[in-house]
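The values are calculated or read from the model by the stated rules, or taken from the named source; none is laboratory data. Bear in mind that the values here come from a model prediction, so they are computed numbers and not experimental data. Note: ideal-geometry Cβ built from the backbone for every residue, glycine included; neighbour counts use all protein chains shown.
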Amino acid sequence: MKNLLKDSILNIKKEKSKKGILFSVLKTIDEPIFLPSFDEEIEILLEKNVSLHLLERETSEKKRSYRLKEGAVLHHNFLSFCEGGEEQREILLYRNACWEAAYADFSFTSHTLNINCILEEEGAKGFFHLSGLGRKETKKVFNINFIHKAPNTESIMENYGVVRENSSLSFIGTSFIQQGAKKSKAAQIAKIMIFDPKCQASASPILKIDENDVLASHAAAEGKINEEHLFYLMSRGLKEDEAKRLITLGYLNPITTFIFDDEAKEEVRKNIMERI
Amino acid sequence: MDTLIFRNLHVSVDGKEILKGVNGTIHAGETIALLGPNGHGKSTLLSVIMGNPKYRVTDGEILLDGKNILSMHVDERSKNGIFLAMQYPSEVPGVVNADFLKAAMNAHREEPIKLFEFYKEMEKASSKMSIPMDMATRYLNEGFSGGEKKRNEILQMMLLKPSLAMLDEIDSGLDVDALTMVSQAIEEMKDAKRSFFVVSHYARLYHLIHPTRAMVMINGKIVLDGDPSLIERIDHEGYEWIQDELGIQIKKEEMTMNSTSIGTCGVKESLNRKEEK
């Protein structure tokens with residue numbers, strides 16, 4: 001996989017900007033591109049109707065922003081297995097642009113992620129899928145905002161998490177449909193499975209709606225493992241630990257559906273297996 | 001399994017007694033029909049034998065070949081040959097059907113099953129139950145129709161080969177063809193060492209699987225234990241005659257409303273503390 005910072009990639013223009021580095025993607029790139037951690041702010045611009053698969057492996061404390069022009073599509077994977085810190089991401093979507101993101105966080109370090117996705121023009125779509133694990137003493141906060149500014153925009157957020165030991169996990173999702181964003185759709189699901197007596201979980205899928213003609217839904221659930229599911233699996237001979245493990249895997253594994261790179265997908269599976 | 005005996009079984013759920021001294025014996029090779037009006041404890045008895053922790057056994061014992069299984073975990077009961085095809089099988093999101101089946105089969109074996117052997121067995125059972133192989137890659141029972149769920153239960157029974165298969169309203173939600181398919185699978189699995197304990201409201205299933213005995217449960221007790229002619233009589237006359245002949249007042253099923261909760265929408269927060277005992 002080519003490295004956005006180190007390799008020279010055909011159809012990606014790199015230039016210095018006021019804040020850091022600006023990468024302009026001029027044409028669709030078929031192979032996935034890797035963006036590592038970096039000390040400067042990074043801005044990525046997808047030109048009209050361009051498509052890009054972008055993989056970010058380590059967290060970066062410097063702000064990163066992404067601008068998708070008309071009809072552009074960004075398939076965006078974030079994998080976090082070791083680094084912690086606070087991340088800030090801004091995504092700006094123009095007419096009919098689409099941002100499809102999956103975030104797999106199985107690190108053993110505390111972590112805060114702030115994402116603002118602005119659906120600036122008509123027909124823009126944003127999808128965010130998260131699978132997160134809290135272990136040991138870690139504190140993880142995921143603050144995800146979708147702001148609908150134009151009609152016929154759509155956002156879907158699905159946040160799934162598991163907390164164990166003394167860790168804490170917080171999902172704060174906000175879908176804000178502004179006045180004039182008619183016929184927009186927003187949906188949020190936030191679910192956290194709690195394993196141990198001292199861990200903490202908080203799931204807040206918030207809807208702010210300033211327009212009448214919209215479709216919006218939100219759901220939150222947190223609790224212990226479903227006793228009926230456990231009984232069902234154990235009634236087929238699975239030991240309690242094994243049944244719990246299978247159910248937990250089932251909770252976190254679906255994120256792999258959204259990981260586009262096979263190697264990364266396998267790495268996520270391996271980390272889920274090893275770390276739960 | 002040679003025998004399963006339940007003796008003076010008293011069972012409560014949420015403080016309400018459902019089984020009020022149930023007695024019965026299942027011998028190897030028998031197919032027993034368990035009948036009774038709705039809400040009188042048939043499913044509870046099956047769940048208790050399987051070990052559902054929702055139910056509290058307040059008195060009595062369940063002996064599998066002389067060994068009290070009440071102290072056994074659910075998985076141990078399964079490994080001892082007990083199987084329950086559930087009336088409402090759980091949908092378990094994210095758990096892939098094939099992964100679950102393989103884990104279940106491995107739980108009943110000393111050595112893990114080889115992948116090729118597993119697929120061969122699964123293909124054979126799936127084909128018998130007319131379950132497309134792509135269902136193996138779907139999540140366990142999620143999005144399955146009522147009939148698919150029931151056929152998936154029978155598929156599991158075929159793969160796990162229990163010595164006591166308890167089938168709780170396995171015919172509900174099945175069309176005529178699927179009912180024939182399920183009953184054929186049951187018939188083919190019958191042997192001198194395997195027993196079936198089958199709950200159904202309809203004689204149609206019983207006609208296809210030929211029970212050797214019938215039990216009738218009323219008001220949380222088995223009030224009749226006899227030959228299969230009981231099935232025909234109940235099918236034609238209902239349960240009223242039992243009331244008259246045995247002098248038992250049959251309690252009507254209680255219709256209760258679900259509890260309602262009013263709270264803030266969409267926000268969940270908990271500081272998980274140790275529950276006070």
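Before moving on, here are some points about what is shown:
- Every condition in (1) more than 8 Å from chain A (Cβ to nearest Cβ); (2) touching a residue at least 12 places away in the same chain (Cβ under 8 Å) is met by B:H108 except one, and the failing one is (1).
Let's see how each residue does on (1) more than 19 Å from B:D168 (Cβ to Cβ); (2) part of a helix (DSSP H, G or I); (3) of a type in the set (A, V, I, L, M):
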| position | (1), (2), (3) |
| --- | --- |
| B:Y206 | no, yes, no |
| B:M217 | no, no, yes |
| B:I222 | no, no, yes |
| B:I234 | no, yes, yes |
| B:I242 | yes, yes, yes |
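- Residue match in segment A:183-198 (condition: part of a loop (DSSP other than H, G, I, E, B), touching a strand residue (DSSP E or B) at 6+ places or on another chain (Cβ under 8 Å) and facing chain B (nearest Cβ under 8 Å)): yes
- Search result, residues across segment A:133-178 that are part of a loop (DSSP other than H, G, I, E, B) and either modelled with pLDDT of 95 or more or in contact with a Leu (Cβ under 9 Å, 6 or more places away or on another chain) (or both): A:T138, A:K149, A:A150, A:P151, A:N152, A:T153, A:R164, A:S167, A:Q178
- Residue check, B:G21 surrounded by 21 or more Cβ atoms within 10 Å (Cβ to Cβ), away from chain A (no Cβ under 14 Å) and closer than 28 Å to B:E232 by Cβ: no
- Test: residue in segment A:242-261 that is among the acidic types (D, E) and part of a strand (DSSP E or B): no
- Residue pairs meeting the criteria (Cβ under 8 Å; at least 6 apart or on separate chains; first within 11 Å of B:G81 (Cβ to Cβ), in segment B:152-176; second of a type in the set (S, T, Y) and not in a loop (DSSP other than H, G, I, E, B)): B:L160/B:S78; B:P162/B:S78; B:S163/B:S195; B:L164/B:S195; B:A165/B:S195
- Single unsatisfied condition, A:L35 versus (1) free of Cβ contacts under 8 Å to residues at least 24 places away in the same chain; (2) surrounded by 13 or more Cβ atoms within 10 Å (Cβ to Cβ): (1)
- Per the listing B:K161, B:K128, the residue uniquely over 21 Å from B:Y202 (Cα atoms), under 15 Å from the mean Cα position of the chain (by Cα) and of a type in the set (K, R) is B:K161.
- Residue list for segment A:126-173, restricted to those being in contact with an Asp or Glu (Cβ under 6 Å, 6 or more places away or on another chain) and of a type in the set (A, V, I, L, M): A:A150
- Members of segment A:15-32 found to be outside any strand (DSSP E or B), over 21 Å from A:V50 (Cα atoms) and in contact (Cβ under 8 Å) with a residue 24 or more places away in the chain, listed by number: A:S17, A:K19
- If you go through segment A:208-227 and keep only what is crowded, with 16+ Cβ neighbours inside 10 Å and either within 7 Å of chain B (Cβ to nearest Cβ) or under 21 Å from B:G81 (Cα atoms) (or both), you end up with A:H218, A:A220, A:E222.
- Listed conditions (1) within 14 Å of another protein chain (Cβ to nearest Cβ); (2) in contact with a strand residue (DSSP E or B) (Cβ under 9 Å, 6 or more places away or on another chain) are all met by B:D75, apart from (2).
- Among the residues of segment B:87-135, the ones that are part of a helix (DSSP H, G or I) and not hydrophobic (A, V, I, L, M, F, W, C) come to 14 in all.
- Residues that are within 12 Å of chain A (Cβ to nearest Cβ) and of a type in the set (K, R) were ranked within segment B:147-169; the one that is surrounded by the most Cβ atoms within 10 Å (Cβ to Cβ) is B:K149.
- Any hit, segment A:176-193, residues being farther than 22 Å from A:G250 by Cα and under 15 Å from the mean Cα position of the chain (by Cα): no
- Among the candidates B:Y202, B:Y206, the residue that is among the hydroxyl-bearing types (S, T, Y), buried (at least 17 other Cβ atoms within 10 Å of the Cβ) and either at pLDDT below 95 or within 23 Å of B:G24 (Cα to Cα) (or both) is uniquely B:Y206.
- Qualifying residues in segment A:231-271 (those that are within 11 Å of chain B (Cβ to nearest Cβ) and among the β-branched types (V, I, T)) - the one surrounded by the fewest Cβ atoms within 10 Å (Cβ to Cβ): A:T257
- Per the listing B:P37, B:P53, the residue uniquely at the interface with chain A (Cβ under 9 Å from one of its Cβ atoms) and surrounded by fewer than 21 Cβ atoms within 10 Å (Cβ to Cβ) is B:P53.
- Scanning segment B:66-81 for residues that are part of a helix (DSSP H, G or I), closer than 19 Å to B:F197 by Cα and of a type in the set (S, T, N, Q) returns a single hit, B:S78.
- Restricting segment A:76-92 to residues that are modelled with pLDDT of 85 or more and either surrounded by fewer than 19 Cβ atoms within 10 Å (Cβ to Cβ) or over 16 Å from the mean Cα position of the chain (by Cα) (or both), the residue that is farthest from A:K48 (Cα to Cα): A:Q88
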